[in-house]
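Everything on this sheet refers to the single structure shown next.
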Amino acid sequence: MNIFILLTLAMLLIIFLLRRHFPIGPCMLAGGLLIWLVKSFQPAFLGQAFIETLSLGRTYDIILALYFVMCLEIELRTSGTLEGMVKALKKIFSSSKFTLAVMPAFLGLLPSLGGARFSAPIVEEASKGTVLSQEDKSAINFWFRHIFEFSNPIIPGMIMACNISGIAFSDFIRHLCWLTIAAFLVGWIILIYPLKIDTEKSATSSNEIHKNQIDLFLALSPVILTFILVVFFDFNASLSMGLVTALLFFVLRSTKRFVNLREVVLGACDWKMFLNVLCILYFIQILTVTQVLNEIVFAFQNSPLPVPVIIACVSFIIGVLTGMSQGHVAIIMPIVAAMPIDTLNLAGVAMAFGVAGQMLTPTHMCLIVTLDYFKADFFKSLKPIMKMEILLLTIFSIYTYFTW
């Protein structure tokens, strides 16, 4: 069977299972098993792929990094620091325009589904006195929350992309971080700048200002410190996140912000997520041992279309189909790593177009949460998002073409 027909069948199976609300990991593994069944049907390959999955260092680096991310989120949430950051920013920015854009972006630094729901009331409050529709509010909340997909070292998709492709975090973030700035500017120009909002100033005591500054610093310092460790000192994801999480625990305790160690350690044991990650990594090894990846690479090399164009199209389509970074990363990054061309640039193409795909699909849970809060229409909310993605991808494509 033609390899692309087989991949299409596998993707259709994955999408079918996702629509039936099965977890992403088992869905990906089901697609891998279908490929194995048609391609080789040798039990030894499944055993080999399983052993390799458990023996690879990247498996444990990914799982530990994600575990520490969840520990960090619990520490900030249960200590009240995250709530304090929200209050601080609302008082610091006298302009509601900045609040509209910055609050979803800051909360997007912590990759959790609740972030989209948490920033939605702030967008609602900051938009009072404007003529913003519910769809405009949804677009603002959804867009700015995801601008750090290209530069945040604790985003699960970024963690998996670097580990699978073999690219250093520091190199990948330096390569793509300008997209975060571009995404903010595009969102500001299209969504925020045209708004007419009166500037509000409220009297605040010096004690409140001081407390707000501490809350803001404590909430943002873990992300900043992790960024420094992985970008400038080449720490791997799990080590940097572990150090930062442990340090934050003691800092919060020393500043009289209560954090229950047992709650943090046990609450972060999300076995469903760990199973999803293991299934995705097992899926990748099945593609490897059955030589499917080699066939895909060979087919790409003999295609009349340039490889970056193919990678871009496939990444975008998978992003649309899965609605999550783990989906397009798990499928595309192994192919990128196997290609005998500039891996860094090709991985950047895969990431940029994959993220664009996941921003334009109803399978993206953050979008569903946002639309539900604002009671907004899906297509009307997606219209400005589509315009901004087209503009962002155009800028990225032009830049990449002249700097490859």
Handout entry: Accessible area per residue in Å² at 1.4 Å probe, computed on the chain
Key = 45
Practice task
Quick one: grab the alpha carbon gyration tensor of the range 13-89, order the square roots of its eigenvalues as a ≥ b ≥ c, and give me rounded if a/c is under 1.5, else prolate or oblate depending on whether a/b is larger than b/c.
Solution key: oblate
Practice task
Determine, for each peptide in 141-154, 162-175, the mean count of other beta carbons within 10 angstrom over its residues, then list the peptides with the highest first.
Solution key: 141-154, 162-175
Problem - Ranking by accessible area, most exposed first, for Cys279, Cys269 with a 1.4 Å probe - result: Cys269, Cys279
Practice task
Determine the distance separating the Cα centre of the range 209-285 from the Cα centre of the range 37-75; give it in Å without decimals.
Solution key: 21
Handout entry: Cα long-axis angle, helix 365-374 against the chain (0 to 90 degrees, to the nearest 10)
Key = 40
Handout entry: Those aspartates and glutamates that a straight Cα-Cα span of less than 15 Å connects to Lys39, excepting residues fewer than 8 apart in one chain
Key = Glu295
Problem - Whole-percent carbon and sulfur share, accessible surface of the range 346-404, 1.4 Å - result: 70
Practice task
Could you order Leu72, Leu195 by accessible surface area, starting with the largest, using a probe radius of 1.4 Å?
Solution key: Leu195, Leu72
Problem - Rounded tilt (10° steps) of 43-55 against the dominant C-alpha axis of the chain - result: 40
Exercise for the section: On a 0 to 90° scale, report how tilted helix 307-322 is relative to the longest principal axis of the chain, with both axes built from alpha carbons and the result rounded to the nearest 10. Expected result: 70
Fill in the blank from the handout: Listed by chain and number, the lysines with an alpha carbon less than 19 angstrom from that of Lys211, same-chain partners under 8 positions apart left out, are Lys87, Lys90, Lys91, Lys201, Lys256
Practice task
Provide the solvent-accessible area of Glu295, counting protein heavy atoms only and rolling a 1.4 Å probe, rounded to the nearest 10 Å².
Solution key: 60
Completion exercise
Rounded to a whole %, the carbon-and-sulfur portion of the accessible area of the range 244-301 at a 1.4 Å probe is 67
Problem - Angstrom value of the Kirkwood radius, inverse mean 1/r, which spans all Cα pairs in the range 250-383 - result: 17.5
Exercise for the section: Compare Phe353, Phe316, Phe16 by solvent-accessible area with a 1.4 Å probe and give them largest first, with all protein chains kept in place. Expected result: Phe16, Phe316, Phe353
Handout entry: Gyration tensor verdict on the range 175-310 (Cα atoms; rounded if a/c is under 1.5, prolate if a/b is larger than b/c, oblate otherwise)
Key = oblate
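The values are calculated or read from the model by the stated rules, or taken from the named source; none is laboratory data. Quick caveat: nothing in here was measured; it's all calculated off a predicted structure. Don't worry about glycine lacking a Cβ; one is built from the backbone with ideal geometry, like all the others, and counts go over all protein chains shown. Each accessible area value is taken on the protein alone, full model and side chains, heavy atoms only, with ligands, DNA and RNA left out. Shrake-Rupley method; radii C 1.70, N 1.55, O 1.52, S 1.80 Å.
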